[in-house]
Amino acid sequence: MGSDDRERTGLRERKKRETRIALSWAAIQLTVERGWDNVRVEDIAAAAGVSPRTFNNYFSSKGEAIAARHVERAHAIAAELRAQPADKPLWDAITDAALSQFALGLDPQGDTSDERAAGLRVMLGEPALQAEFAKAYMAAEAEFAEVIAERTGTDVTTDLYPGLVAGAIGAAISAVTRQRMHTPDAPMEELIREAFGRLAAGLAAP
């Protein structure tokens with residue numbers, strides 16, 4: 001493949017990722033504003049500037065679109081963790097990787113108002129979303145475990161450590177998310193550092 005072909009492929013992939021993110025944010029924002037039952041696929045597609053057919057090319061349901069934000073963030077954290085210096089202490093690397101993505105806030109505009117936080121609490125309590133979030137958490141933990149195994153020289157299939165740390169990362173992110181929704185003015189960086197600092201105190205690298 002020539003350089004021009006690689007560039008075109010890269011542009012297409014970036015465009016696909018941008019569309020996927022736009023649809024996911026639109027689904028979240030509309031559900032927070034209107035409530036789960038008052039949002040249609042057509043509404044999400046229109047808010048993202050695409051057709052309903054395009055939505056269906058990316059997601060099978062509005063629930064999957066909402067949960068995709070968690071998956072996207074997990075991919076980004078895992079990629080950042082892989083890029084951390086190999087000699088950096090494990091939990092420092094994990095904390096910095098999480099801060100690089102998770103500290104961006106609750107939405108693209110960084111809106112952490114009480115009203116939006118209340119809307120997010122209602123949305124995340126929607127029973128129809130629980131299965132989608134469960135799948136997203138499982139996918140995120142599997143990716144975290146692979147990266148942890150790489151950094152620690154352990155085996156994701158035969159050693160407990162990668163899975164334990166991956167589960168702890170997922171639990172920390174969930175706890176920070178819940179805390180931020182109840183206290184939207186709490187500094188995100190402080191919450192993340194506290195969460196991973198507490199874990200680091202009890203889950204030392206092998």
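General observations
- Within region 56-70, the only residue that satisfies the criterion of being open to solvent by 60 Å² or more (accessible area, probe 1.4 Å) and outside any helix (DSSP H, G or I) is SER60.
- Contacts under 6 angstrom Cβ, first residue in region 129-147 being without any contact (Cβ under 8 Å) to a residue 60 or more places away in the chain, partner open to solvent by 50 Å² or more (accessible area, probe 1.4 Å), 6 or more apart: ALA145/VAL156
- Among the residues listed as ALA200, ALA166, ALA172, the single one being over 20 Å from ARG73 (Cβ atoms), touching a helix residue (DSSP H, G or I) at 6+ places or on another chain (Cβ under 7 Å), at pLDDT 90 or above and surrounded by 14 or more Cβ atoms within 10 Å (Cβ to Cβ): ALA200
- Among (1) farther than 23 Å from SER174 by Cβ; (2) modelled with pLDDT under 95 - the single one SER51 does not satisfy: (2)
- Matching option when the condition is within 17 Å of the chain's Cα centre (by Cα), charged (D, E, K, R) and loosely packed, with under 13 Cβ neighbours inside 10 Å, among ARG73, ARG12, ARG17, ARG53: ARG17
- Against the list (1) surrounded by 13 or more Cβ atoms within 10 Å (Cβ to Cβ); (2) out of contact with any Ser or Thr (no Cβ under 6 Å at 6 or more places or on another chain); (3) not hydroxyl-bearing (Ser, Thr, Tyr), the condition PRO184 fails is (2).
The values are calculated or read from the model by the stated rules, or taken from the named source; none is laboratory data. For clarity, every value in this text was computed on a predicted model and none was experimentally measured. Heads up, the Cβs are rebuilt from the backbone with ideal geometry, glycines too, and the neighbour counts pull from every protein chain shown. With ligands, DNA and RNA removed, areas are computed over all heavy atoms of the protein, side chains included. Shrake-Rupley method; radii C 1.70, N 1.55, O 1.52, S 1.80 Å.
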